Amino acid sequence: MKTSGNTILLTGGTSGIGRALAERFHADGNTVIVTGRRQPLLDQMAAQGMIAHALDMTDAAAIRDFAARITTEHPALNVVLHNAGIMLAEDVAADFLQTAEDTVATNLLGPIRLTAALMPHLLAQPAATLLTVSSGLAFVPLTRTPTYSATKAAIHSWSQSLRHQLRDTSVEVLEIAPPAVQTDLMPGHATDPNAMPLAEFIDEVIQILSQDPIPPLVGVERLGFLSQAEAEGRYDAAFAALNP
């Protein structure tokens with residue numbers, strides 16, 4: 001992946017990690033297209049010089065229509081970053097099914113549907129990059145958010161399979177796996193002293209993306225507490241630390 005001169009589509013780009021990455025990519029000389037559901041935030045991104053489109057990642061038909069439109073309007077599109085996601089607490093002894101279904105639709109089916117719609121275009125590019133966003137919770141779940149954790153584990157697995165299947169094509173597949181980061185993804189996260197400051201996370205991610213070659217798993221140093229827990233024989237301790 002080049003550091004500049006790309007045309008980048010970034011879903012969920014109006015807040016948190018998505019917005020911070022969109023702003024950094026834009027500042028680094030890329031054409032950035034962001035999607036989201038909140039029009040006032042999309043308007044803010046457009047005011048900064050980015051291209052902003054409303055998109056509901058749970059709507060399969062809307063995703064197909066959007067993919068057709070965006071590849072027509074931006075034939076140079078060569079990077080897709082699947083960032084859109086929701087993280088909601090669930091009580092599995094109560095009525096949690098709707099929350100679980102919405103989480104799967106947004107976090108897992110959304111990226112799958114958009115990738116399927118864009119794949120012919122990406123394969124036709126001389127070089128293209130698919131970036132998924134999983135989580136440290138793909139490696140050790142947070143039991144308060146069981147479906148979120150499960151979707152991120154699925155994204156981690158799916159990314160590996162995509163990478164292997166596309167290994168002889170022009171499309172590279174990278175996975176960004178954030179640890180806990182200070183954003184508004186859930187109440188209290190933005191002020192959690194144990195979470196990584198957003199600016200520090202973005203700086204480290206951009207540094208990794210500037211490497212040659214880029215590692216398939218774009219993991220900041222803090223990710224190791226979760227991503228290496230099983231290999232280092234401390235999975236139970238990491239699970240207990242997350243889920244006291």
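The values are calculated or read from the model by the stated rules, or taken from the named source; none is laboratory data. Because the structure is a prediction, the values reported are computed rather than measured. Please note: Cβ atoms are built from the backbone with ideal geometry, for glycine as well, and neighbour counts cover all protein chains shown.
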Only one of T147, T129, T151 that is under 18 Å from L9 (Cα atoms), within 18 Å of the chain's Cα centre (by Cα) and at pLDDT 95 or above = T129
query = For A76, which of the numbered conditions (1) surrounded by fewer than 17 Cβ atoms within 10 Å (Cβ to Cβ); (2) touching a helix residue (DSSP H, G or I) at 6+ places or on another chain (Cβ under 6 Å) fails to hold?
reply = (2)
ask   = So which pairs qualify, if the first residue must be in segment 1-16 and farther than 17 Å from V171 by Cα, the second must be hydroxyl-bearing (S, T, Y) and at pLDDT 95 or above, the Cβ gap must be under 9 Å, and the two must be at least 6 apart or on different chains?
value = T11/T35; G12/T35; G12/T106; G13/T35; T14/T35; S15/T183; G16/T183
request  = From the list A177, A199, A154, A124, pick out the single residue that is touching a Lys or Arg at 6+ places or on another chain (Cβ under 9 Å) and either farther than 16 Å from N243 by Cα or of a type outside the set (A, V, I, L, M) (or both).
outcome  = A177
note = Scanning segment 172-219 for residues that are of a type in the set (V, I, T), in contact (Cβ under 8 Å) with a residue 40 or more places away in the chain and more than 30 Å from P126 (Cβ to Cβ) gives V181, T183
message = For segment 85-107, give me each residue that is of a type in the set (A, V, I, L, M, F, W, C) and within 15 Å of A154 (Cα to Cα).
response = I86, M87, A100, V104, A105
message = Anything in segment 70-108 that is among the small types (G, A, S) and over 30 Å from N30 (Cβ atoms)? List them, or say none.
response = A89, A93, A94, A100
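Residue-wise test of (1) within 30 Å of A199 (Cβ to Cβ); (2) surrounded by fewer than 22 Cβ atoms within 10 Å (Cβ to Cβ).
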{"residue": "D95", "(1), (2)": "no, yes"}
{"residue": "P120", "(1), (2)": "no, yes"}
{"residue": "L142", "(1), (2)": "yes, yes"}
{"residue": "Q160", "(1), (2)": "yes, yes"}
{"residue": "E175", "(1), (2)": "yes, no"}
{"residue": "Q182", "(1), (2)": "yes, yes"}
ask   = For the subset of segment 209-222 comprising residues that are exposed (fewer than 11 other Cβ atoms within 10 Å of the Cβ) and within 20 Å of the chain's Cα centre (by Cα), which member is farthest from V140 (Cα to Cα)?
value = Q211
key: Unmet requirement for P120, which otherwise passes all of (1) touching a residue at least 24 places away in the same chain (Cβ under 8 Å); (2) under 23 Å from D168 (Cβ atoms)   = (1)
note = Within segment 34-55, of all residues that are of a type in the set (A, V, I, L, M, F, W, C) and surrounded by 17 or more Cβ atoms within 10 Å (Cβ to Cβ), the one nearest to T129 (Cα to Cα) is V34
request  = Could you tell me whether segment 68-88 includes any residue that is over 24 Å from S135 (Cβ atoms), aliphatic (A, V, I, L, M), touching a residue at least 60 places away in the same chain (Cβ under 8 Å) and not in a helix (DSSP H, G or I)?
outcome  = yes
ask   = For segment 89-117, which residues satisfy the criterion of being within 30 Å of T72 (Cβ to Cβ) and free of Cβ contacts under 8 Å to residues at least 12 places away in the same chain?
value = A116
request  = Identify the residue in segment 199-208 that is among the charged types (D, E, K, R) and closer than 15 Å to F25 by Cα and, among all such residues, is surrounded by the fewest Cβ atoms within 10 Å (Cβ to Cβ).
outcome  = D203
remark   = Scanning segment 223-235 for residues that are within 18 Å of L174 (Cα to Cα) and in contact (Cβ under 8 Å) with a residue 40 or more places away in the chain, the one surrounded by the most Cβ atoms within 10 Å (Cβ to Cβ) turns out to be L223
message = On the basis of being among the small types (G, A, S) and not in a helix (DSSP H, G or I), does A105 make the cut?
response = no
query = Just wondering, is there one or more residues in segment 56-64 that are crowded, with 17+ Cβ neighbours inside 10 Å, over 20 Å from E204 (Cα atoms), of a type in the set (S, T, N, Q) and touching a helix residue (DSSP H, G or I) at 6+ places or on another chain (Cβ under 7 Å)?
reply = yes
